[in-house]
Amino acid sequence: MNHKRVKEDFSVSAGDYLRVHTKPRRFPVFDINWNDRVIFSDENFIVANKISGIPVHASVDNDQEHLQFYLSKALDCDLFVTHRLDVPTRGLVVFAKSLKFQSEFNKLLLQREMTKIYKATVEGQGLQTGVLTHYMEPSPRAPKTVSHEPHEGWQDCVLEILDIKLLAENRSELKIHLLTGRTHQIRAQLGYEKHPIIGDHAYGAKKISDIEKIELEANELSFVDPIKNQKHSFSLS
């Protein structure tokens with residue numbers, strides 16, 4: 001109502017703007033022990049291992065089927081979003097337990113002081129280790145458009161392929177250091193290079209499932225706690 005989500009009964013006046021989602025997007029999950037998805041917790045933040053197929057936070061048409069809601073309910077505390085993973089991506093994500101930590105952590109992210117390492121399995125075996133740089137068209141829509149050539153107003157997208165393992169079925173497993181954090185960045189860059197992530201049909205891969213799942217995992221995170229000034233490192237390996 002008037003561009004704000006309404007969770008209680010309300011009165012409507014002439015001129016009010018109402019938006020009703022009669023067919024909301026759904027993100028069903030079954031038999032998940034959400035406490036088991038928490039790999040670290042202290043008084044300021046938690047680190048959780050997100051599953052594929054659900055968003056990190058509420059979408060415009062779904063206020064409950066997301067990781068933040070499930071973890072808040074399981075832990076019986078408020079959680080605040082600090083950064084995001086795409087719906088089909090799995091892996092490590094940080095939630096703040098206070099607005100103070102959220103604010104300080106966001107400053108850390110803006111200064112690119114968190115190290116993010118991803119593991120991706122892609123189609124093909126033609127990639128090389130080293131830095132990949134592209135430029136992304138600013139648009140709220142997906143799939144994202146990227147180019148090797150810079151354009152006015154386009155955002156730079158930079159990642160480094162640290163290691164490559166050649167797999168069967170003409171696939172490769174990549175270890176990626178994400179140097180900039182654009183929406184869909186890894187997916188768009190690898191798709192543009194004709195090596196899309198397995199299952200990522202939005203960026204040119206073969207569709208292998210009706211489930212929103214791709215072979216991309218946020219595998220390692222490291223940063224200095226902005227409240228305690230302690231170094232933290234987390235890994236799923």
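Only the coordinates and a few stated rules stand behind these numbers; no lab work does. Just so we're clear, the structure is a prediction, and the values are computed from it rather than from any experiment. As a convention, Cβ positions derive from the backbone with ideal geometry for all residues, glycine included, and neighbour counts pool all protein chains shown.
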Fill in: Placed amide H near PHE40: partners under 5 Å, 5+ positions off or other chain
VAL47
Discussion item. Could you sort the peptides 50-60, 160-170 by per-residue average Cβ neighbour count (10 Å cutoff), highest mean leading?
Written reply: 50-60, 160-170
Worksheet entry | Candidates GLU152, GLU65, GLU43, ranked by Gaussian network fluctuation over the chain, Cα under 10 Å, top entry | GLU152
Worksheet, complete the sentence: For segment 53-180, the dipole about the Cα centre with charges only on Cβ (Lys and Arg +1, Asp and Glu -1), to the nearest 20 debye, works out at 360
Worksheet entry | Cα-Cα pairs of segment 160-237 separated by more than 13 Å (percent) | 74
Worksheet entry | 25 °C / 0.890 mPa s Stokes-Einstein diffusion coefficient of segment 120-214, Kirkwood radius on C-alpha pairs, µm²/s | 181
Worksheet entry | Cross-link table LYS50/LYS206; LYS4/LYS231; LYS97/LYS207; LYS23/LYS116; LYS23/LYS50, entries beyond 28 Å C-alpha to C-alpha | LYS4/LYS231; LYS97/LYS207; LYS23/LYS116
Worksheet entry | Interchain or long-range residues, amide H under 5 Å from LYS50's placed H | GLY91, LEU92, VAL93
Response to the item:
Listed by chain and number, the residues whose amide H is under 5 Å from that of THR82, excluding neighbours fewer than 5 places away on the same chain and using placed H, are ALA96
Worksheet item: In what sequence, highest mean first, do 109-122, 137-150, 25-38 appear when ranked by Cβ atoms within 10 angstrom?
Response: 109-122, 137-150, 25-38
Worksheet item: Given (1) 52, 34, 30; (2) 52, 41, 32; (3) 60, 43, 42, which label gives Cα extents along the principal axes in Å as computed from the coordinates?
Response: (3)
Worksheet item: What's the Kirkwood radius of segment 1-102 in Å, using all Cα pairs?
Response: 15.1
Worksheet item: In whole Å, what is the distance between the alpha-carbon centres of segment 86-132 and segment 1-66?
Response: 21
Item to complete: Report the normalised scattering of segment 68-140 as log10 I(q)/I(0) at q = 0.21, 0.24, 0.25 Å⁻¹, calculated by the Debye formula with identical scatterers on the alpha carbons.
Response: -1.16, -1.28, -1.30
